[in-house]
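A.B. asks: Take this structure first; my questions come after.
Values in this text are rule-based calculations from the coordinates and carry no lab data. Keep in mind that this is a model prediction, so the values were computed, not measured. In this analysis, Cβ positions are derived from the backbone assuming ideal geometry, glycine residues included, and neighbour counts consider all displayed protein chains.
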Amino acid sequence: MIRITSAISIPERELEFEFLRASGPGGQNVNKVATAVQLKFDVLRSASLPEDVRCRLIRLAGKRISKDGILLLQGRRFRTQEQNRADALERLRELIARAAAAPKRRKPTRPTKGSRERRLQSKRRIGERKSSRLRRHIGEE
């Protein structure tokens, strides 16, 4: 059982690990040992995710989620399967934790009196600059 928050935990049976050969560090073993890990998590069919978290997770995952709703995370930073597996699990945990945090609702605000005055003064200055150009061109003809 992987604990994400106090309310969300994911059973190990919902995760699928596939080990493959990694490029990068590994020395002479790099072409012989499958140290990279590919973590697959079916977001759409997972019973452990609440609906709102599922929607935010799909949005956050971006290109890492397939059309079938399967989240793919790669772990290939380290030389051992165990470290790469732990790395992929930690990244999954962080991603779901970010999705579990509900976004703050925006409080509608109004522009201050000073900011409105500055905006209008800026518009007047630009308008005067343009109108002075117009007068100059009319006088040249």
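A.B. asks: Going by alpha carbons, how many degrees (0 to 90, nearest 10) lie between the helix axis of 51-61 and the longest principal axis of the chain?
C.D. replies: Roughly 80 degrees between the two axes.
A.B. asks: Compare the peptides 121-133, 101-113, 57-69 by average per-residue count of other Cβ atoms within 10 angstrom and give them in order, highest first.
C.D. replies: Numbers: 121-133: 9.8, 101-113: 7.2, 57-69: 12.9.
Ranking, from highest mean packing down: 57-69, 121-133, 101-113.
A.B. asks: Something else about it: Report, in debye and to the nearest 20, how large the dipole of the chain comes out about its Cα centre when Lys and Arg carry +1 and Asp and Glu carry -1 on their Cβ. Walk me through the intermediate numbers first.
C.D. replies: Numbers: 36 positive and 16 negative charges, 316 e Å.
Result for the chain is approximately 1520 debye, rounded to the nearest 20.
A.B. asks: If the reach is capped at under 23 angstrom between alpha carbons, list the lysines near Lys123, excluding any in the same chain fewer than eight residues apart.
C.D. replies: Partners within reach: Lys113.
A.B. asks: Cross-link partners among lysines for Lys63, C-alpha distance below 22 Å, same-chain residues fewer than 8 apart left out?
C.D. replies: Lys40
A.B. asks: Could you give the angle, 0 to 90 degrees to the nearest 10, between helix 81-100's Cα long axis and the longest principal axis of the Cα atoms of the chain?
C.D. replies: The two axes meet at around 40 degrees.
A.B. asks: Let me ask something additional. Got a sec? Charge dipole of the chain, +1 on Cβ for Lys and Arg, -1 for Asp and Glu; which of Ile8, Leu92, Ala102 is way out at the positive end?
C.D. replies: The one lying farthest along the dipole's positive direction is Ala102.
A.B. asks: Moving on to the next point. Using amide H atoms built in the peptide plane, which far-off residues or other-chain residues are under 5 Å from Asp42 H to H?
C.D. replies: Sorted by chain and number, the residues that satisfy this are Leu71.
A.B. asks: Report the FRET efficiency, 1/(1 + (r/R0)^6), for Arg91 and Ser115, where r is their Cβ-Cβ distance and R0 is 41 Å, rounded to 0.05. Show your work: numbers first, answer last.
C.D. replies: Numbers: r = 42 Å, r/R0 = 1.02.
That gives a FRET efficiency of 0.45.
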